[in-house]
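What follows is one structure encoded as structure tokens, with my remarks underneath.
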Amino acid sequence: MSVPFAPALAAEVVRVGIEIAEAIGSPMAVAFVDGGARLVAFARTTDATPAAVDAAPAKARTALWFGRPTADTLDMAERRPVVYETLLGTSPHPLVLSMGGLCLQVDGHTVGAIGAAGARLGATDVEVAQAMLRTWVAGRDV
């Protein structure tokens, strides 16, 4: 299922992610990819690290690639590292096993994903990504 993304909604989703990162004082980057793993929207705080800038789209693509939150994939990879090391090498895009990537779903189908990276704790990356997801859901209902 392919779902076109309104640029304004994608921009609002990443704006919310950055707003939350700034409110909690965490240097971060956030990304929004479509179902083809193409970057639709991206933003970063002024003090985001180069690692966060690269990791945010990679987290979104990892959630999309595996069809689940990156936190779940990380847990599975810890149990079967050889399998996941092999799978990571099959993607044409950089993937990362780290918390902060979530799928965007419509009618049970993954149609895109978001990623948040750069916080000191993976749980904070997830918190920001969840706020972005809520913004996307609310925007689709409008």
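The values are calculated or read from the model by the stated rules, or taken from the named source; none is laboratory data. It should be emphasised that the depicted structure is a prediction, and the values quoted were computed from it without experimental measurement. All Cβ positions, even for glycine, are placed from backbone atoms using ideal geometry, and neighbour counts span all protein chains on display. Surface areas here come from the heavy atoms of the whole protein model, side chains and all, with no ligands, DNA or RNA. Shrake-Rupley method; radii C 1.70, N 1.55, O 1.52, S 1.80 Å.
Counting only residues that are at pLDDT below 95 and of a type outside the set (A, V, I, L, M), which one in region 113-123 is surrounded by the most Cβ atoms within 10 Å (Cβ to Cβ)? Please lay out each step first, then the result.
Going through region 113-123, the residues at pLDDT below 95 turn out to be 119-123.
Of the ones still in play, those that are also of a type outside the set (A, V, I, L, M) are 120, 122.
Details: 120: 9, 122: 16.
Looking at residues that are at pLDDT below 95 and of a type outside the set (A, V, I, L, M), I get 122.
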Next item on the list: For residue 104, indicate whether it is open to solvent by less than 60 Å² (accessible area, probe 1.4 Å) and in a loop (DSSP other than H, G, I, E, B).
Entry: no
Checklist line | Any pair with Cβ under 7 angstrom, 6 or more apart, that starts in region 4-28 at a residue that is hydroxyl-bearing (Ser, Thr, Tyr) and ends at one that is in a helix (DSSP H, G or I) and open to solvent by 20 Å² or more (accessible area, probe 1.4 Å) | finding: 26/124
Notebook entry, point to check: Just one of the numbered conditions (1) in a helix (DSSP H, G or I); (2) modelled with pLDDT under 95; (3) surrounded by fewer than 21 Cβ atoms within 10 Å (Cβ to Cβ) is not true of residue 73; which one?
Noted result: (3)
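Between 131, 63, 52, 58, which is surrounded by fewer than 20 Cβ atoms within 10 Å (Cβ to Cβ) and of a type in the set (A, V, I, L, M, F, W, C)? I'd like the intermediate steps shown before the answer.
Working: 63 fails: surrounded by fewer than 20 Cβ atoms within 10 Å (Cβ to Cβ); 52 fails: surrounded by fewer than 20 Cβ atoms within 10 Å (Cβ to Cβ); 58 fails: surrounded by fewer than 20 Cβ atoms within 10 Å (Cβ to Cβ).
Just a single option satisfies the conditions, and that option is 131.
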Checklist line | Residue, nearest to residue 45 (Cα to Cα), within region 90-142, restricted to residues that are of a type in the set (Ser, Thr, Tyr) and free of Cβ contacts under 8 Å to residues at least 60 places away in the same chain | finding: 98
Check: Hey, does region 90-101 have a residue that's modelled with pLDDT of 95 or more and either within 15 Å of residue 38 (Cα to Cα) or open to solvent by less than 40 Å² (accessible area, probe 1.4 Å) (or both)?
Finding: yes
Next item on the list: Note down all Cβ pairs under 9 Å where the first residue falls in region 35-50 and is polar (S, T, N, Q), the second is open to solvent by 80 Å² or more (accessible area, probe 1.4 Å), and they're at least six residues apart or on different chains.
Entry: 45/22
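Among the listed residues 32, 42, which satisfies the condition of being within 24 Å of residue 66 (Cβ to Cβ), in a strand (DSSP E or B) and open to solvent by 10 Å² or more (accessible area, probe 1.4 Å)?
Working: 32 fails: open to solvent by 10 Å² or more (accessible area, probe 1.4 Å).
It is 42.
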